[in-house]
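In what follows, a single structure is set out as C-alpha cells and then discussed.
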Amino acid sequence: MVSIQLFQPHDLRRILQIEAEAFHEHAWAADLFQQYASNCDNLFFVAKLKRVIVGYSIACLTNQRAELVSLAVLKRFREQGIAQKLLSQTLRKLKLTRVGALSLTVRRDNLNAIRFYRRYGFVRTHTIPAYYEDGTTGWRMKKML
C-alpha cells in the first residue's frame, strides 16, 4: 500500500537517488531540494511503499499561482499508480487554497509525461523554445482547478 506524506529533511538522500535515476545528467542538486523544502514545504510530498520512498512531487504556491516543479517515481515502481497518488494529493491540497490552476513545464520530447498530464486534464498553453539548459524545448501545461 502506497502512502503519501510530507517531505522530511531525512528523506533527502532517497529523493536524490530517485532524482538521479529519473533525470540523469539533468538531476537537481541537494541544495535546490532544500530550498523547495523551505519554500514549498506544504506541497512537497513523498510516496512510500512499505516505509521506502519510491517517488516524490513538489509544487509551489506563490501569489495565488501554483506550479508543479517536479514529480518522479523510481522506474521499477512506475505504472503502479504512484505518480497519480502524488498528483492527486497535490491537487486536493491546492483545491483547499482556492487557487485557480496548476501549471507545469515538461520537455516536449517527454511523451510519457505529457500523456500522463493530459490524462489529468492538463492542456498545453504554449511552447518555450530552448527552455532547458541543454536547449530542449519545453511545453507549458495547465490544469484549471
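Computed from the coordinates by the stated procedures, all read-outs in this text should not be read as laboratory data. Predicted, not measured: the structure shown is a model, and the values here were computed from it. Every residue, glycine as well, gets a Cβ built from its backbone with ideal geometry; the counts of neighbours run over all protein chains shown.
Observations
- Each listed q (0.29 Å⁻¹) maps to a log10 I(q)/I(0) for segment 54-100, found by the Debye formula over equal Cα scatterers with no solvent: -1.04.
- Think of each Lys and Arg Cβ as +1 and each Asp and Glu Cβ as -1; about the Cα centre, that makes the dipole of segment 13-73 roughly 380 debye.
- Taking the convex hull of Cα positions in segment 42-145, its mean projected area over all directions (nm²): 7.0
- Projected label points at SER38 and LEU16, each 7 Å from Cα along the beta carbon direction, are separated by 1.7 nanometres.
- Restricting segment 16-72 to trypsin sites (Lys or Arg not before Pro) that sit in a DSSP loop and have at most 16 other Cβ atoms within 10 Å of their own Cβ leaves LYS50, ARG51.
- P(r), alpha carbons of segment 1-99 - 10 Å bins starting at zero, rounded %: 16, 53, 29, 3
- 18 Å cut-off, amide nitrogen to a point 7 angstrom out along LYS50 Cα→Cβ, residues in segment 65-106: 74-82
- Percent RCO, i.e. relative contact order, over the chain, from Cα pairs under 8 Å lying at least 6 residues apart: 18
- The charge dipole of segment 1-120, taken about the Cα centre with unit charges on the Cβ atoms of Lys, Arg (+1) and Asp, Glu (-1), comes to about 600 debye, rounded to the nearest 20.
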